[in-house]
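J.: A single structure is presented below for examination.
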Amino acid sequence: MPPQPSDPPVAHHRPGARRHRYGWEHELVVEARTVAEDGQAYPACIAGEGACPPEDCGGVYGFAELKEVLAGPDSEKRDEMQEWVGEDFDPAHFDLAAANTAVAVV
């Protein structure tokens, strides 16, 4: 049965335009309106791409440089940046649970 006007709205979003002071841009797209599921917390993130940039990484350009250096060959600069962000930092990793924790305060 399709959603009814009396049903509570539930928006499904995907990352992808809200511009922040340092140039970060986020886009939330409402893809569907459905009936809320019992036991599900809203809003909820259902998918995403990439890790959040570390604090004080230099904005959009600094994060791009960080990802480039970490993906490059071994070098003193790569070692320094890897030490700064930590051995476990993976710029390609998306943490869905962390994203949902962050949107829960919205």
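J.: By the scheme Lys and Arg +1, Asp and Glu -1, what is the net charge of all other residues having a beta-carbon under 12 Å from that of residue 51?
T.: Values: positive: 67; negative: 49, 88, 90, 95.
For residues surrounding residue 51, the net value is -3.
J.: Put a dot 7 Å past each Cα toward the Cβ at residue 94 and residue 36; how far apart are the dots in nm?
T.: 2.5
J.: Per residue of region 66-79, in order, report the coupling 6.51 cos²θ - 1.76 cosθ + 1.60 (Karplus, θ = phi - 60°) as ³J(HN,Hα) in whole Hz, putting x for Gly and Pro.
T.: In residue order, the calculated couplings are 4, 4, 5, 5, 5, 7, x, x, 4, 7, 5, 5, 4, 4 Hz.
J.: Non-local amide H neighbours of residue 51 (under 5 Å, H modeled in plane, Pro and chain starts lacking H): which ones?
T.: Close amide H contacts, sequence-distant or interchain: 92, 93.
J.: Then there's this: Along region 45-61, what does the Karplus equation 6.51 cos²θ - 1.76 cosθ + 1.60 (θ = phi - 60°) give for ³J(HN,Hα), rounded to whole Hz, x for Gly and Pro?
T.: 8, 10, 6, x, 9, x, 7, 5, x, x, 4, 6, 8, x, x, 4, 6
J.: How would you rank 46-52, 92-98, 36-42, highest first, on the average number of other Cβ atoms within 10 Å across their residues? Show your work: numbers first, answer last.
T.: Details: 46-52: 13.9, 92-98: 11.9, 36-42: 9.6.
With the highest mean Cβ count within 10 Å placed first, the list reads 46-52, 92-98, 36-42.
Here, each number is a calculation from the coordinates, and none is a lab measurement. All figures in this text were calculated on a predicted structure; none of them were measured in a lab. Virtual Cβ from ideal backbone geometry, glycine too; neighbours counted across all protein chains shown.
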